[in-house]
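J.: The structure that follows is given in the form of structure tokens.
The values are calculated or read from the model by the stated rules, or taken from the named source; none is laboratory data. It should be emphasised that the depicted structure is a prediction, and the values quoted were computed from it without experimental measurement. Reconstructed Cβ throughout: ideal geometry from the backbone, glycine too, with neighbour counts over all protein chains shown.
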Amino acid sequence: MEDRIDIPESFLERLLADKRKLAAAIAAVVVALALVAGLVYARAVSLRDERVPGAVVDNGDRTVDSPVDESETPAEETETVPAGGSTPSVEPTGGASGEAPTIARPAIERAPFIAYRLEGALYVAREDGTRARKVASNANGVFALSPDGMTLAHIDDARARLILTDIAKGTSKEAGQAL
């Protein structure tokens with residue numbers, strides 16, 4: 001009687017029949033997984049160690065209950081610009097003196113107004129939409145409200161001109177050609 005030799009038909013059967021190829025395939029998978037794990041770990045470490053500009057670097061030798069040494073943090077200075085346009089002043093915001101830091105107020109407070117277009121006209125209203133006023137009738141171009149809410153700038157598309165509108169007075173004037 002003849003014994004038949006089974007010839008592997010699929011790739012998996014051939015791989016299982018040859019033990020050296022099977023060992024090489026397993027080793028390749030293990031190396032690939034180790035490489036991916038190493039890359040993930042390196043990325044996590046690099047993200048954790050990114051320095052934030054202006055941040056105080058903590059070397060980890062303090063505990064929660066240990067007091068902060070005031071001499072370790074240098075006094076920073078902030079420059080405040082008065083609204084009148086005079087010389088700016090420099091104020092310390094903290095440091096070794098032990099006093100609470102002073103907070104400089106912004107030179108211009110943001111106005112609680114919004115500008116929007118409705119049916120081709122520009123309106124200015126409070127942030128909640130109340131007390132709306134029409135400030136420009138035919139304004140199809142770009143527009144912007146100043147940070148203090150006092151002036152609306154918009155482009156008159158028909159004449160290609162920049163128009164500045166004083167919100168309080170309701171008066172408009174041309175500022176020049178819009179490019």
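J.: Being assigned to a strand (DSSP E or B) and modelled with pLDDT under 80, is that true of even one residue in region 68-75?
T.: no
J.: Starting from residues that are touching a strand residue (DSSP E or B) at 6+ places or on another chain (Cβ under 8 Å) and modelled with pLDDT under 85, keep the ones in region 151-160 and report whichever is nearest to A178 (Cα to Cα).
T.: Here the answer is A160.
J.: Select from region 137-163 the residues that are in contact with a Lys or Arg (Cβ under 9 Å, 6 or more places away or on another chain), aliphatic (A, V, I, L, M) and assigned to a strand (DSSP E or B) and list them in ascending order.
T.: Once the filter is applied, which keeps residues that are in contact with a Lys or Arg (Cβ under 9 Å, 6 or more places away or on another chain), aliphatic (A, V, I, L, M) and assigned to a strand (DSSP E or B), region 137-163 yields I155, I163.
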